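Engineer: Attaching a single structure in structure tokens format; questions to follow.
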Amino acid sequence: MIPRDPEQLVALAREGSRTALARLLTYVESSGPSHGATAALAYARPAPYVVGLTGAPGAGKSTLTDRLISVALARGSFDGEGEFDQVGVLCIDPSSPFSGGAILGDRIRMQDHATNDHVFIRSMATRGHLGGLSLAVPDAIRVLGAANFRFAMVETVGVGQMEVDIASAADTTVVVTNPGWGDAMQASKAGLLEVADIFVINKADRPGVKETRRDLEQMLELGHHEWRPLIVETVASTGEGSEGLWEAIVQHRSYLEDGHINEHRRTRMRRELDKVLSAMLRSRVAELARGEAYERQVDSLLAGTTDPYRAAEVLLSEG
Ligand SMILES: Nc1nc2c(ncn2[C@@H]2O[C@H](COP(=O)(O)OP(=O)(O)O)[C@@H](O)[C@H]2O)c(=O)[nH]1
Ligand SMILES: [Mg+2]
């Protein structure tokens with residue numbers, strides 16, 4: 001029997017129990033009573049190094065993730081340091097409240113790895129978590145860390161603001177594009193230019209690679225980057241270029257380790273705290289709006305004996 005207590009579950013997950021790990025991840029996806037306890041345990045442990053992959057549906061993120069899993073496990077470390085013998089993968093699809101078709105496809109594609117003891121793949125869906133997936137994903141990453149994962153990948157589907165948010169919660173953000181007119185432009189419009197540490201031109205077996213590279217380089221010229229994003233070409237379907245992509249990840253990690261990681265993580269932690277605070281304040285407002293005092297203030301507003309600012313002050317100070 002698998003326990004329900006988060007502390008016991010973390011102990012089991014650290015010994016390698018995938019069932020225990022899965023249950024902990026279910027806790028952080030939901031807003032149940034075990035969420036807080038799980039978060040407290042997870043944030044007390046070091047985070048894994050996280051690579052986020054984002055880009056339009058069909059760009060080849062899952063195929064590429066699959067390739068990276070193989071390269072990462074074969075290497076077993078980043079450039080000789082930070083050893084790991086297992087890889088965790090979170091597949092996120094914000095557009096589907098529960099695991100939909102795209103995720104199922106990912107599962108099937110990654111099936112070679114799904115039966116591998118050294119690989120843990122999990123599709124994430126929001127189950128009423130207070131801030132949705134953009135809060136659940138960082139928590140899930142920390143749960144992986146608590147379960148002794150030192151390296152993890154997060155694949156997000158789509159190119160909306162939330163996907164950009166999730167992907168940029170990674171240490172290294174990889175934006176996957178394809179050759180073809182306008183793909184670089186689309187990535188730029190979606191705000192991906194600002195968050196990308198590495199651009200991948202996947203499906204480099206197709207025409208238009210040179211043009212896409214040139215477009216990306218031109219757009220990068222316009223921005224100001226302390227780290228100039230790398231551009232890597234891959235053919236995920238054959239594995240060509242996946243070693244090169246790994247090298248680019250290692251290179252970016254070295255750059256971060258070389259004095260930038262604390263600042264990078266601080267910015268991320270601020271953003272995360274900001275999101276949690278906003279979500280808590282929003283739910284506090286919703287709670288106030290259900291109370292009698294709130295209706296009394298609305299009555300006063302209708303009677304013209306107060307104004308919305310004073311009414312809000314009163315509600316906040318009373319409750
Ligand atoms: N020609 C070609 N097809 C690819 C390449 N990489 C992926 N694909 C195919 O593109 C389709 C979408 O890939 P998938 O990894 O599911 O994309 P995702 O939606 O970004 O995760 C699949 O049919 C892959 O086999 C590539 O480098 N070249
Ligand atoms: Mg996919």
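Only the coordinates and a few stated rules stand behind these numbers; no lab work does. Just so we're clear, the structure is a prediction, and the values are computed from it rather than from any experiment. Cβ atoms come from the backbone with ideal geometry, glycine included; neighbour counts cover every protein chain shown.
Engineer: Quick check on the exposure proxy: order 79, 66, 215 from fewest to most C-beta atoms within 10 angstrom. Can you show the working numbers first?
Structural biologist: On the way: 79 14, 66 23, 215 20.
If I rank by nearby Cβ atoms, fewest first, I get 79, 215, 66.
Engineer: Under a 10 Å cutoff between Cα atoms, tell me which one of 11, 169, 184 has the largest fluctuation in the Gaussian network model of the chain.
Structural biologist: 11
Engineer: If you bin the C-alpha pair distances of the chain every 10 Å from 0, what whole percents do you get?
Structural biologist: The percentages, shortest bin first, are 6, 25, 31, 20, 10, 6, 2, 0.
Engineer: Straight-line reach only, C-alpha to C-alpha below 23 angstrom: list the lysines that residue 189 could link to, leaving out same-chain residues fewer than 8 apart.
Structural biologist: Of all the lysines, those that pass the test against residue 189 - Cα under 23 Å, at least 8 places apart if same chain - are 61, 203, 210.
Engineer: Looking at the chain, which longest stretch skips every one of the GluC sites (Glu not before Pro) that is in a DSSP loop with at most 15 other Cβ atoms within 10 Å, leaving the sites themselves out?
Structural biologist: Values: sites that count: 15, 83, 226.
The longest uninterrupted stretch comes out as 84-225.
Engineer: Using alpha carbon centroids, what distance separates region 134-152 and region 33-88, in Å?
Structural biologist: 8 Å
Engineer: GNM, the chain, Cα, under 10 Å: largest mean-square fluctuation among 153, 124, 162?
Structural biologist: Comparing 153, 124, 162 in a Gaussian network model of the chain, the most mobile one is 162.
Engineer: I'd like the trypsin sites (Lys or Arg not before Pro) in region 277-313 restricted to DSSP loop residues with at most 15 other Cβ atoms within 10 Å, sorted by number. All intermediate terms of the calculation are to be shown ahead of the outcome.
Structural biologist: Numbers: sites: 282, 284, 290, 296, 310; in loops: 290.
Those satisfying the criteria are 290.
Engineer: A further question follows. Over the chain, what is the percentage of antiparallel beta bridges among all DSSP beta bridges, to the nearest 5?
Structural biologist: The antiparallel fraction comes to roughly 10 percent.
Engineer: With the chain treated as a Gaussian network of Cα nodes joined by springs under 10 Å, which of 285, 89, 276 yields the largest mean-square fluctuation?
Structural biologist: Answer for the Gaussian network model of the chain: 285.
Engineer: Further, regarding this structure: In deg cm²/dmol, rounded to 500, what helix-only [θ] at 222 nm does the chain give when every DSSP H run of at least 4 residues adds -39500 (n - 2.57) and the total is split over its residues?
Structural biologist: Working: 15 runs with 171 residues, N = 319.
Taken over the chain, the calculation gives -16500 deg cm²/dmol.
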